[in-house]
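Just below is one structure, and these are the notes that go with it.
The values are calculated or read from the model by the stated rules, or taken from the named source; none is laboratory data. In this text, all values refer to a predicted model and were calculated from it rather than measured experimentally. Using ideal geometry, Cβ is built from the backbone for each residue, glycine included, and neighbour counts are taken over all protein chains shown. SASA here: full protein model, heavy atoms, side chains in, ligands and nucleic acids out. Shrake-Rupley method; radii C 1.70, N 1.55, O 1.52, S 1.80 Å.
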Amino acid sequence: MDQKFFVRHHNFEGEINELDFPGPIGDFDWLVHFLRVDQGSRLLAFEAKHPSGFFLRHKNFRIVLEPPDGTELFKQDHAFREVAPLAGDPRDGWHSYQAFQDKFKTRFLAHENLHLFLRDKSESGIAAGDASFRLIET
């Protein structure tokens, strides 16, 4: 849970990098949309500021950046439940982001080798800290 790394998009895929990573600084800027409360947790969506109108979603378990296509599948794939962190202290702002669909309820937004995926928390090689994030206002 190194605090120097931040979620960004690169080539329309979700990544994590240090802020001084070469590339447009806008790749690190997000609008967080509160969709509703679902099963006692906030349901959120993450929209890129640049390009606006594009959201993080999971597609074949890879996190990608795409515009809404009006389908029910997109609505489900771009929504994440904000839940207690798999690692870290929630009093310090840590959360984990669980897939919205019940069929993927054991899968969380997680990073592996600087790439973002929707990973099952029981997968080998996925540490709890890889699936715990903090939202930071800039």
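Entry comment: accessible area of the chain is 56 Å² per residue, from protein heavy atoms only and a probe of 1.4 Å. For the peptides 10-16, 43-49, residues were scored by their other Cβ atoms within 10 Å and the scores averaged per peptide; the highest-first order is 43-49, 10-16.
Listed values for region 118-123 are Karplus-derived 3J(HN,Hα) couplings in whole Hz (6.51 cos²θ - 1.76 cosθ + 1.60, θ = phi - 60°), namely 9, 10, 6, 5, 9, 5, and x replaces Gly and Pro. Summary of packing: across the peptides 68-74, 128-134, the per-residue average of other C-beta atoms within 10 Å ranks them, highest first, as 128-134, 68-74. Under the convention that each Lys and Arg Cβ holds +1 and each Asp and Glu Cβ holds -1, the size of the dipole of region 45-138 around its Cα centre is about 120 debye.
One way to sum up the overall shape of region 1-137 is the equivalent ellipsoid from its Cα gyration tensor, whose semi-axes run 20, 19, 14 Å, largest first. On the basis of the beta-carbon distance and an R0 of 30 Å, HIS33 and LYS59 show a calculated FRET efficiency of 0.95. Split the accessible area of region 1-137 by element, probe 1.4 Å, and carbon with sulfur accounts for 53%. Within the assembled protein chains, the solvent-accessible surface assigned to PHE117 is about 40 Å², based on a 1.4 Å probe.
Across the chain, the mean sequence separation of Cα contacts (distance under 8 Å, 6 or more residues apart), normalised by length, yields a relative contact order of 20 percent.
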